[in-house]
Amino acid sequence: MAVLKLIRDCLDALLHPSARYDALASARHRAFMAPRLFGSLAAFTGFPIYLATRGAPSATEVVVFGWLITPILLSYFLSRTGRYESAHVLSSLALTGLVLTVAFKTGGIESFVAIWLIAIPLEAALSASRRVVAFASALAVGGVTLLIAASRLDWLPPSEVSPAAEHMFMILGIASGVLYAAGLAFGAESLTRISVSLLYDEEDRYRLLARNMSDVISRHHRNGAVEFISPAIEQMLGVSTSRLMGHGLFDRVHVADRPAFLTALSNAARGEEEARVDFRLRRDLSRIADPVHPASGDFIWVEMRCRLMERAPGQAMGRKPEVVAVMRDVTERKAQEQALDAARIETERANAAKTQFLATMSHELRTPLNAIIGFSEMIVHEQDLMLDAAKRREYAKLINESGQHLLSVVNGILDMSKMESGTFEVVPEAFAPRESLLSCCNILALKARDGGVELAVRTPDNLPEMTGDPRAFKQIVLNLVSNAVKFTEHGGTVTVSAQVEGARLVMRVADTGVGIGAEDLKRIGDPFFQAGKTYQRRHEGTGLGLSIVKSLVGLHSGEMTVDSKIGEGTTVTVSLPLAYTAPVEAAEQSNIRQIAPALRSGQHTYQVRKRA
């Protein structure tokens, strides 16, 4: 064993660097050099003994022993260049030349060395190259043809072998040829065994990678059919690989993503650059335990990178191209992208709201302040302006009205701020909703009369008492009726009605005003938003009215709906529980969620829920 290891180490030292790190290549190079080096060394060792028994060698014998240096030169060529096929070609040429030279001197086709022509293609078969085998076979056939032709045409010189030694050389030639063929057979078997072992080892490594990596490796036809898919898909989708073969995987791709999926595979099959596509795959939730996103739904997002599969050595050129793909679960990344998009939209909306807030406040605060400053300066200079008592009272009234308007704006902002921060306190107590409703309408009756608007109140006399915050209830009524009167043209009507439906008080404020467009209806209730391009800024206001109403309704666990059409008017319906129930936790805040629009065109519903 030590001798074999020493021999192997010596051969490894002679290997070309390109073959040292390739197990199959190094085995082939060793199989090529070992018999040639040791055969040549054995022949050189026996040459003195041959001379001692035979005497002076003939010219043919000199040629034969001179040829023994050729295998050593071939081994040196291979160790320096690493050109395995070229070394086999040179070896075939050298062996053919030797056999033909000896055969011409010893009887032509009947020579004892003619049988060695069989070894030429057999030796070339170790190269595993079809071109080398074809070349060696052509050399052998050509050599046989040349020897036959030379024998028939009497081109052969007289034989240098005596009749007495011819029989011995025949036995020696056949025996050496058989031994050489046997050596080639063992070499072929050894190389085959090494090749199979290396193939199994490589398959085991790829199988180990395919089973343990989280990414899915697959091979597809151009039409998306699966030829191979790694077992990692079972953990990803909860489906066995056998069910995904063919078009099984394509059937699980979301319908909306199938065109992109097929386009990526088609582009890769045409040899374009690596294609990348994101698509959704349907999972079998009944067979999968997903600790990462267990409630993510039936579909997951998958990123697939695919490219044209390289043609294997020896593969037919006409075979249809195939695509190799790598897929990975990117559901979490998609969720983060959606969250970032939502945050960006919310940020843009917040910036727009800030801009709108500043524009609205600059107008709403500057107008009354200008009036207060202007009329107060006129009163200060009353002697220069010679103002009488009536003018002073008129100016004082205008200053008071401007101050009241300014105070209402500030109070509205403060109330909105309290409700958004959750510090607005609801003080529930029993009160009569009918009296509160009539009181609020009486307050706004003068404003309606000045604008030429008819204000009608329809409430039954037997409305029961309800429990809630009476101040908040009055603020709801005042804001709704004030808005209705403000946006109703001269000659229009505002109708306020209330009735009990089940355990809730339902109040409706309907007007025949300008109405609200479908686009603006979606944003009704947003702070500082005023709807309508045709009537925007025709009326004073901060746009907080409906926003405050919506928040107060939410604090009372109620609901608010808005039904409106341009040019036909608006109806706001508020539903409040007759018995107010305090939230379980003191820190709870109202969460007003806008749900899908109702079936009737122009109607929008705001459903109010308590946020845990």
> At a Förster distance of 25 Å, what's the computed FRET efficiency of Arg243 paired with Val326, Cβ-Cβ distance as r, to 0.05?
Replying inline: 0.75
> Net charge near His220, counting Lys/Arg +1 and Asp/Glu -1 over other residues with Cβ under 9 Å of its Cβ?
Replying inline: 0
>> Given points 7 Å out from each Cα along the Cα-Cβ axis, report the Ser190 to Thr101 separation in nanometres with one decimal.
In response: 2.7
> So how much slack lies between Arg219 and Asn442, counting 0.36 nm per residue of separation and subtracting their Cα-Cα distance, in nm?
Replying inline: 72.3 nm
>> Multiplying the sequence separation of Asp278 and Arg152 by 0.36 nm and subtracting their Cα-Cα distance, what value in nm do you get?
In response: 37.6 nm
> Rounded to the nearest 0.05, what FRET efficiency is calculated for Gln404 and Arg270 with R0 set to 56 Å and r the Cβ-Cβ distance?
Replying inline: 0.15
> Within a Cβ distance under 15 Å of Thr495, other residues only, what is the Lys/Arg minus Asp/Glu net charge?
Replying inline: -2
>> So if each residue of separation counts as 0.36 nm, and I subtract the Cα-Cα distance between Arg471 and Ile69, what length gain in nm does that give?
In response: 133.0 nm
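Throughout, read-outs are computed from the coordinates displayed, never taken from laboratory work. Treat the numbers as computed from the prediction; the structure is a model and nothing was measured. So basically every Cβ, Gly included, is an ideal-geometry build from the backbone, and we count neighbours across all protein chains shown.
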